[in-house]
Amino acid sequence: MLPYYPIEDNGAFHWEIYSYSNKMIADYCNIPITKVKALPLDEWLIYRRDSFIFNCEQSEKGRRYLKNAYLMTQTKPDIKRLKEVFG
């Protein structure tokens, strides 16, 4: 599963790139895009996730996105941090 965090859409981009995931995987794995299509589904999903995270880690905005996506997955409060903030 890809990390997800909702962001505001500025409406500047109206077209979906259908081969984006394949291109991202090809660049990450350093293989031709035609070989990406031949990967077994489980490998493709793992490489898609890893390449997405790798690409996000390359910029401050991407790291912030990943941090927010991680926080969205947390279901239990951080008691230690709450005590530090509120006493």
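The values are calculated or read from the model by the stated rules, or taken from the named source; none is laboratory data. Everything numeric here is computed off the predicted structure, so don't read it as measured data. Heads up, the Cβs are rebuilt from the backbone with ideal geometry, glycines too, and the neighbour counts pull from every protein chain shown.
Brief remarks on what is shown
- Unique match (being among the acidic types (D, E) and modelled with pLDDT of 95 or more) among E43, E16: E43
Results for (1) among the charged types (D, E, K, R); (2) on the phi > 0 side of the Ramachandran plot; (3) exposed (fewer than 10 other Cβ atoms within 10 Å of the Cβ); (4) not in a helix (DSSP H, G or I), shown as yes or no for each residue.
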position: M24; (1), (2), (3), (4): no, no, no, no
position: I53; (1), (2), (3), (4): no, no, no, no
position: Q58; (1), (2), (3), (4): no, no, yes, yes
position: Y65; (1), (2), (3), (4): no, no, no, no
position: A69; (1), (2), (3), (4): no, no, no, no
position: R81; (1), (2), (3), (4): yes, no, yes, no
position: E84; (1), (2), (3), (4): yes, no, yes, no
